[in-house]
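The values are calculated or read from the model by the stated rules, or taken from the named source; none is laboratory data. Only a predicted model underlies this, so the values are computations on that prediction, with no experimental measurement involved. Every residue, glycine among them, receives a Cβ derived from its backbone with ideal geometry; neighbour counts consider all protein chains shown. Please note that ligands, DNA and RNA were not included when accessible areas were found on the heavy atoms of the full protein model with its side chains. Shrake-Rupley method; radii C 1.70, N 1.55, O 1.52, S 1.80 Å.
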Amino acid sequence: MTRPRTDVLGAPYTAETIDLPDDDEGRVVATLVRRRAGKRTSKAVLHVHGFADYFFQTAYAEWWAERGYDFYALDLRKYGRSILPHQTPNYVTDLHDYFPELDAAWDRVSGGHRHVVLSGHSTGGLVVPLWADARRTPAAGMALNAPWLDLQGKAWVRRALTPVVHQLARHQPKRVIPRTVTGFYARSLHHEHEGEWEFDLAWKPIESWPAYAGWLAAIRRGHAEIHRGLDLRFPTLVLASSASAFPTEMGDTVHTHDIVLDVDQIRGWAPALGRHVTYVGIEGARHDVFLSQAEPRARAFEELGRWLTAYVETWAGRRRSPHQT
């Protein structure tokens, strides 16, 4: 890793570059962002963003810092701070390709902290548990925010589409998969549109990034791994909006529902993540529950704090018998 430098978010955020082996497009890097707690601590959180996303959620980081956790966020290869000019943004053909930067980030974080909570949002909420299960990561717990655990849409469409995607991925991995992107979600967040958050539209575009066959095939293989069931032993929290909607115009629904994923699928597949899973639906929340409007955002933080106290901090170093709620 490079020496820490002041991050684009400004002090007290710093960033380190993780150099990774070249791939077929050339040089590859990831970026580890850090926000220290107010005093020396043995506790930390390691967070991973979603698709067409990167770490900018400072309210989330500040909440953890106030709880006495050093906060780390990983911009995966070809995302956000880690996008290089020659690369196809957000593109991989195997979710396991992310494991090397997660390994490096874990080594960096756990080397100075004996109590580490994992965190992931959306696609990051798919990648992190797969990595943790494969590596038997000794995390203290895992908090997932609207993890992407299945392909939204009707079951018969998923069954028909998935083999087609795998076939395309074998022969035309960079074939763009047609999809409708309204831009409503990013517009509901960005401060220059209808939101309150400032983020770089070059890294998180209003119209998202293209979805390629090779990438979608990787996602579907990841979903299949989840559906077979993981064996994570630490407490896991899954937060999501209480309801999904897929509106055709901007309006209140855009701000009070998950308009990206199907929360019924998230709720249905959450128990497959491990032996101790707590699921909470947040009424009025957006896809990223911690970027919701003030009231549901406060409820999301309350639920996160309740879970952290009950299952992670109170019994640090201990494990309950297999149980799910």
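Quick one: which residue in Asp262, Asp258, Asp200, Asp231 is among the charged types (D, E, K, R), under 20 Å from the mean Cα position of the chain (by Cα) and under 19 Å from Ala134 (Cα atoms)?
So the residue among Asp262, Asp258, Asp200, Asp231 that is among the charged types (D, E, K, R), under 20 Å from the mean Cα position of the chain (by Cα) and under 19 Å from Ala134 (Cα atoms) is Asp231.
Go through (1) in contact (Cβ under 8 Å) with a residue 12 or more places away in the chain; (2) under 30 Å from Arg275 (Cα atoms) one by one and return the number of the condition Arg136 breaks.
Arg136 satisfies all of (1) in contact (Cβ under 8 Å) with a residue 12 or more places away in the chain; (2) under 30 Å from Arg275 (Cα atoms) except (1).
Taking the options Ala143, Ala139, Ala132, name whichever one is small (Gly, Ala, Ser), touching a Ser or Thr at 6+ places or on another chain (Cβ under 6 Å), under 13 Å from Thr236 (Cα atoms) and modelled with pLDDT of 95 or more.
That would be Ala143, the only listed residue that is small (Gly, Ala, Ser), touching a Ser or Thr at 6+ places or on another chain (Cβ under 6 Å), under 13 Å from Thr236 (Cα atoms) and modelled with pLDDT of 95 or more.
Kindly list the number of the only condition in (1) assigned to a loop (DSSP other than H, G, I, E, B); (2) surrounded by fewer than 21 Cβ atoms within 10 Å (Cβ to Cβ) that fails for Ala139.
Among (1) assigned to a loop (DSSP other than H, G, I, E, B); (2) surrounded by fewer than 21 Cβ atoms within 10 Å (Cβ to Cβ), Ala139 violates only (2).
Which ones in region 291-309 are of a type in the set (Ser, Thr, Tyr) and more than 24 Å from Ala140 (Cβ to Cβ)?
Once the filter is applied, which keeps residues that are of a type in the set (Ser, Thr, Tyr) and more than 24 Å from Ala140 (Cβ to Cβ), region 291-309 yields only Ser292.
Out of all the residues in region 294-314, which are farther than 25 Å from Glu198 by Cβ and crowded, with 17+ Cβ neighbours inside 10 Å?
Hits for region 294-314 are Glu303, Trp307, Leu308, Tyr311, Val312, Glu313.
Do we find that Val157 is part of a loop (DSSP other than H, G, I, E, B) and either more than 22 Å from Thr88 (Cα to Cα) or in contact (Cβ under 8 Å) with a residue 24 or more places away in the chain (or both) in this structure?
No, not satisfied.
Kindly indicate the residue of region 10-51 that is open to solvent by 10 Å² or more (accessible area, probe 1.4 Å) and aliphatic (A, V, I, L, M) and also nearest to Tyr98 (Cα to Cα) among those meeting that condition.
Leu20
Let's see how each residue does on (1) farther than 30 Å from Gly10 by Cβ; (2) at pLDDT below 95:
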position: Val164; (1), (2): yes, yes
position: Arg175; (1), (2): yes, no
position: Arg187; (1), (2): no, no
position: His190; (1), (2): no, no
position: Glu198; (1), (2): no, no
position: Trp203; (1), (2): no, no
position: Ala213; (1), (2): yes, no
position: Ala224; (1), (2): yes, no
position: Val238; (1), (2): yes, no
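Being out of contact with any helix residue (DSSP H, G or I) (no Cβ under 6 Å at 6 or more places or on another chain), open to solvent by less than 20 Å² (accessible area, probe 1.4 Å) and of a type in the set (A, V, I, L, M, F, W, C), is that true of even one residue in region 101-110?
yes
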